[in-house]
Amino acid sequence: MRLLSLLLFPAVVLASNVLVLNDDNFDQHIGQAKGALVEFYAPWCGHCKNLAPTYEQLADTYSGKDVLIAKIDADGEGKKSGSRFGVKGYPTIKWFPAGSLKPVDYNSGRDLDSLVAFVSDKTGIKSKVKAPPPPATLELTVSNFDKFALDESKGTLVAFTAPWCGHCKSLKPVLEKVAADFKNEPDCIVAQMNADEQTNKVVSNRYGVKSYPTIKYFPSGVSKSIDFQPESYEKARTEEAFVEFLNKACGTSRVAGGGLSDVAGLIGDLDSIVGSVFNPTLATSLTALIASAESLAPSFLRAKDQESVKYYLRVLKKLDVLGENGRTWISNEKARLAKLASSSALNPIKKDELQIKSNILTSFLTQRAASIVDAAGDLFEDAKAQAQKGVDKAGEVVEDVKERIREEL
């Protein structure tokens, strides 16, 4: 009876939907009509044990499809196969195209989304798992590295990583957040490269990468030849630290979470002109101040700075036309922009535009408030001088200040 049961036991064992291979049956299934993803594992390997439930899910995902999800104990019944395909550590995952025993190494993440994306890319077979959104972090390889990192018009932060590196795995979601924060900044790129991939080593060796992760910044505005040496990033690996670094390096004004800070779009030279608008001690006309602002416009070369200049000029011209009513217009316009920006359906680029306009309006309001404070200070200084002469004008000064504030606000 026992002999009969052994004879009836199938040569290939299915653990869930994962095909279990050994040295004897490997070639019967791999390199045949179906492409196959094969995990070379060892029973004692902790990383293999961690991968097991995800690998089972992957097999379930492609159950009944024209692809094999398989595994082989490369430290046991599949030891010869492990040696045959150069397996040095566990788990090692390789893709065998249909009809071929020349595998492609799998070097991406060991999460379900990454595995599904890889198998779907190799086979064109849609999985039962909803495809994850494309990563915000740019994936660099030897073929596209120079195109992005050495582009003189762009600043590029590059994390050189390895799939097996624990610190790299911890860094990945942080980088993804940072890349999303800067997605509306086309000239500030957040990227990563699998520096452990053999074909990419020519790049990682060029920049002296010896450990993972190694993070380097390739600045814009400088000549970047093939032997250019980038700046090493040595700060904290937090979203906030990366954002602070990139803002300084790229000349941007992002905050963690992707929004713009309250100084985004502000231009110091134009703020000085705005301050003159509300300075009663200056005899310069508003028309002359507008002309000064217009003369500065050609000096700003970045497109986003040019848009800010246009809005500064628009507000200045509104003040010129509306006179005393211009101050009310600023407050009303700021409230209108805030209402528009509160819409959840708003395009992110449009939201940035509204934030910059709001910041510029706030600058006008701040400069006006500063003029009130300065005027009040002048009145109190005058009262102080009068008091030294024996004239008590404190009461008059307080009333004058109150009236001035009422007029301005």
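Structure notes:
- Residue among Ala52, Ala98, Ala74 that alone is more than 36 Å from the chain's Cα centre (by Cα) and more than 16 Å from His29 (Cα to Cα): Ala74
- Selection within the range 198-213 - of a type in the set (A, V, I, L, M) and assigned to a helix (DSSP H, G or I): Val202, Val203
- In the condition set (1) β-branched (Val, Ile, Thr); (2) without any contact (Cβ under 8 Å) to a residue 60 or more places away in the chain; (3) not in a helix (DSSP H, G or I), Ile290 is compliant with all but (3).
- Note on the range 76-115: residues that are of a type in the set (D, E, K, R) and in contact with a Pro (Cβ under 6 Å, 6 or more places away or on another chain) amount to 2.
- A Cβ distance below 9 Å, combined with a sequence gap of six or more or placement on separate chains, defines the contacts here; from the range 331-346, residues that are surrounded by 14 or more Cβ atoms within 10 Å (Cβ to Cβ) reach residues that are among the hydroxyl-bearing types (Ser, Thr, Tyr) and at pLDDT below 95 in the pairs Lys334/Thr362.
- Strands (runs of 3 or more DSSP E) contained in the range 13-64 and holding at least 2 residues surrounded by 18 or more Cβ atoms within 10 Å (Cβ to Cβ): 18-21, 35-41
- Check on Val263, aliphatic (A, V, I, L, M), part of a loop (DSSP other than H, G, I, E, B) and closer than 30 Å to Gln192 by Cβ: yes
- Qualifying residue in the range 149-156 (condition: outside the structural domain of Ser63 (by TED's automatic domain parsing), under 15 Å from the mean Cα position of the chain (by Cα), on the phi < 0 side of the Ramachandran plot and assigned to a strand (DSSP E or B)): yes
- Number of positions in the range 101-132 that are under 23 Å from Phe160 (Cβ atoms) and either over 30 Å from the mean Cα position of the chain (by Cα) or among the β-branched types (Val, Ile, Thr) (or both): 1
- All positions within the range 195-209 that are within 17 Å of Glu231 (Cβ to Cβ) and of a type outside the set (S, T, N, Q): Val203, Arg206, Tyr207, Gly208, Val209
- Annotation note: Cβ proximity below 9 Å between a residue of the range 60-72 that is of a type outside the set (A, V, I, L, M, F, W, C) and a residue that is at pLDDT below 90 and surrounded by 16 or more Cβ atoms within 10 Å (Cβ to Cβ) (sequence gap 6+ or interchain) occurs for Thr61/Ser127; Thr61/Val129; Tyr62/Ser127; Lys65/Ser127.
The values are calculated or read from the model by the stated rules, or taken from the named source; none is laboratory data. What you see is a predicted model; the values in this text were computed from it and never measured. Note that each Cβ is placed from the backbone with ideal geometry, even for glycine, and that neighbours are counted across all protein chains shown.
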